[in-house]
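Notes follow once the structure below has been shown.
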Amino acid sequence: MFETLRTLVAGANARAEEQVRDRYCIELIDQKIREADGSLKSAKYGLASLIQRERSETRQVTALESRVADLMTRAKAALEAGREALAAEAAQAVADMENELELRRGTVARLESRILQLRQSVEAANRRLIDLKQGAVAARAAKREADIQTRLGAHVARDTAFDEAEALIQRVLNRDDPFEQSQILREIDTGLNQGDMADRMAEAGFGPASKSTAADVLNRLKSQN
């Protein structure tokens, strides 16, 4: 029972997290880009520090090489002058400097290797950050479009004006013609009281018509002439 409840709670938390991510996806993308930008800046500072150290060590190596060359020249001159003790001291100083040179050259080599690796990492991170920023622009545009479509779809779904307008149009189109209806009513009323029976009989040739017509008047005028 406890395991089931824990699974349900975990599922609810996961769904809630997904909903939050979907709702605030643009804000999360911007935050992650800021974090990536911060990491890239830190890497750049680290690279700058390594380059600075490498240049300092390189200057030290150059200075030591110059001092070694100078002492070697002086020691040679001391030997030629028979100053072997002084030449021996110079030789010891040269040996110490050469040992230091070896260490510093190793340090420079390691720094150069680390600089190369870090520079490649910084360049790769910079390219990824550019891609992320471009992707964020596309994601922001897609999110705006999706929000507009969602709002439009919801508005159309709940707006009954369309249905009401269509129903009114159909009602008007299907409405009976009142003039035709009144004519039919008169015909029905006439048929019920049989007031036109004499005229109908006259039209059939049985007796005179009950009402005068224009033709009757013209016939009378002709007969008077």
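The values are calculated or read from the model by the stated rules, or taken from the named source; none is laboratory data. Every value quoted in this text rests on a predicted model; they were computed, and no experiment measured them. Note that we place each Cβ from the backbone using ideal geometry, even for glycine, and neighbour counts take in every protein chain shown. Note: areas computed on protein heavy atoms with side chains; ligands, DNA, RNA excluded. Shrake-Rupley method; radii C 1.70, N 1.55, O 1.52, S 1.80 Å.
What is the extension gain from residue 34 to residue 105, computed as 0.36 nm multiplied by their sequence separation minus the C-alpha to C-alpha distance, in nm to one decimal?
On the way: separation 71, 0.36 × 71 = 25.56 nm, distance 3.88 nm.
Contour length minus the Cα-Cα distance gives 21.7 nm.
Taking a probe of 1.4 Å, how large is the accessible area per residue of segment 49-122, in Å²? Present the calculation step by step, with values, prior to reporting the outcome.
Working: 5220 Å² over 74 residues.
Normalised by residue count, the accessible surface of segment 49-122 is 70 Å².
For segment 118-135, take each phi angle, set θ = phi - 60°, evaluate the Karplus expression 6.51 cos²θ - 1.76 cosθ + 1.60, and give the result in whole Hz per residue in order, putting x for glycine and proline.
For segment 118-135, the Karplus curve yields 5, 4, 5, 5, 5, 5, 5, 5, 5, 5, 5, 5, 4, 4, 5, 5, 5, x Hz.
How high is the FRET efficiency between residue 73 and residue 122 when r is their beta carbon distance and R₀ equals 35 Å, given to the nearest 0.05? Walk me through the numbers before you get to the answer.
Numbers: r = 44 Å, r/R0 = 1.25.
The calculated FRET efficiency here is 0.20.
Using a 1.4 Å probe and ignoring any ligands, DNA or RNA, find the accessible area of residue 33 and quote it in Å² to the nearest 10.
Probe radius 1.4 Å; accessible area of residue 33 about 20 Å².
Let me know the charge dipole size of segment 49-122 about its Cα centre in debye, to the nearest 20, where only the beta-carbon of Lys, Arg (+1) and Asp, Glu (-1) is charged. Can you show the working numbers first?
On the way: 12 positive and 12 negative charges, 93 e Å.
Result for segment 49-122 is approximately 440 debye, rounded to the nearest 20.
With r as the distance between the Cβ atoms of residue 132 and residue 48 and R0 = 35 Å, compute the FRET efficiency 1/(1 + (r/R0)^6) and round to 0.05. Don't skip to the answer; put the middle values down first.
Numbers: r = 23 Å, r/R0 = 0.65.
Plugging the Cβ-Cβ distance into 1/(1 + (r/R0)^6) gives 0.95.
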